[in-house]
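J.: Can you keep this structure in mind? I'll have questions shortly.
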Amino acid sequence: QYKVVVLIIPHNKEFLDSSIKYLNSKGIATLLVTDEKPMYSASELTDFFEKNGVHIYTDDGDVFYEGNGYMAIHAANEGNKKIYLPETVKCTDLTSGDVMLTDVITFECDKFETRMFKLEKAN
């Protein structure tokens, strides 16, 4: 069910050609991080992900992780944060203990603060 793969290969990327062709043949887009292109801006990555059908949880340029029933956000800037979930879930804010049934999580965050949430299927 992967939609994209980001390959961080600074040297000798030629050996990956067959893997890239295979992934692309399965409809999985690839992005290479190489010596020639060692950095991608947040907007470049967001554009690549959106173009390839990856759900975008937040649009503030924050560092975001979601997997195994947990979600974390590390704020690039302070302020009001909104996380857009692909479906309604039972969400527990592990900082405050608040539990909500929602598909959009809204909260205040300090710059460089990390917040974690537990996600469970809605009943």
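The values are calculated or read from the model by the stated rules, or taken from the named source; none is laboratory data. Note that this is a predicted model, so its numbers are computed, not measured. In this analysis, Cβ positions are derived from the backbone assuming ideal geometry, glycine residues included, and neighbour counts consider all displayed protein chains. Accessible surface is based on the protein model in full, side chains and every heavy atom, while ligands, DNA and RNA are left aside. Shrake-Rupley method; radii C 1.70, N 1.55, O 1.52, S 1.80 Å.
J.: For region 48-79, enumerate the residues that are part of a strand (DSSP E or B), open to solvent by less than 50 Å² (accessible area, probe 1.4 Å) and closer than 17 Å to Gln1 by Cα.
T.: Once the filter is applied, which keeps residues that are part of a strand (DSSP E or B), open to solvent by less than 50 Å² (accessible area, probe 1.4 Å) and closer than 17 Å to Gln1 by Cα, region 48-79 yields only Gly67.
J.: With Asn68, Asn24, Asn52 as the choices, which residue is polar (S, T, N, Q) and either in contact (Cβ under 8 Å) with a residue 12 or more places away in the chain or touching a Pro at 6+ places or on another chain (Cβ under 8 Å) (or both)?
T.: Result: Asn52 is the single residue among Asn68, Asn24, Asn52 that is polar (S, T, N, Q) and either in contact (Cβ under 8 Å) with a residue 12 or more places away in the chain or touching a Pro at 6+ places or on another chain (Cβ under 8 Å) (or both).
J.: Here's a follow-up. Identify, by number, the condition in (1) at pLDDT below 95; (2) of a type in the set (A, V, I, L, M, F, W, C); (3) in a loop (DSSP other than H, G, I, E, B) that Phe112 doesn't meet.
T.: (1)
J.: Within region 85-109, how many residues turn out to be among the β-branched types (Val, Ile, Thr) and assigned to a loop (DSSP other than H, G, I, E, B)? Before you say what the answer is, go through the steps one by one.
T.: Kept after step one, since they are among the β-branched types (Val, Ile, Thr), are these residues of region 85-109: 88-89, 92, 95, 99, 102, 104-106.
From what's left, assigned to a loop (DSSP other than H, G, I, E, B): 95.
Selection size over region 85-109: 1.
J.: What are the residues in region 95-118 that are of a type outside the set (S, T, N, Q), open to solvent by 60 Å² or more (accessible area, probe 1.4 Å) and under 19 Å from the mean Cα position of the chain (by Cα), if any?
T.: Asp103, Lys111, Phe112, Met116, Lys118 - these are the residues of region 95-118 that are of a type outside the set (S, T, N, Q), open to solvent by 60 Å² or more (accessible area, probe 1.4 Å) and under 19 Å from the mean Cα position of the chain (by Cα).
J.: Could you please give the count of residues in region 23-47 that are open to solvent by 70 Å² or more (accessible area, probe 1.4 Å) and modelled with pLDDT of 90 or more?
T.: 5
J.: With (1) out of contact with any Asp or Glu (no Cβ under 7 Å at 6 or more places or on another chain); (2) assigned to a loop (DSSP other than H, G, I, E, B); (3) not hydrophobic (A, V, I, L, M, F, W, C) as the list, and Lys82 as the residue in question, which single condition is left unmet?
T.: Looking at each condition in turn, Lys82 falls short on (2).
J.: So, of the residues in region 80-94 that are among the hydrophobic types (A, V, I, L, M, F, W, C) and either under 18 Å from the mean Cα position of the chain (by Cα) or open to solvent by less than 80 Å² (accessible area, probe 1.4 Å) (or both), which turns out to be farthest from Val54 (Cα to Cα)? If you could, list the steps in order and put the result at the bottom.
T.: Of the residues in region 80-94, the ones among the hydrophobic types (A, V, I, L, M, F, W, C) are 83, 85, 89, 91, 94.
Checking which are either under 18 Å from the mean Cα position of the chain (by Cα) or open to solvent by less than 80 Å² (accessible area, probe 1.4 Å) (or both) leaves us with 83, 85, 89, 91.
Values: Ile83: 15, Leu85: 12, Val89: 19, Cys91: 21 Å.
Per the stated criteria, the residue is Cys91.
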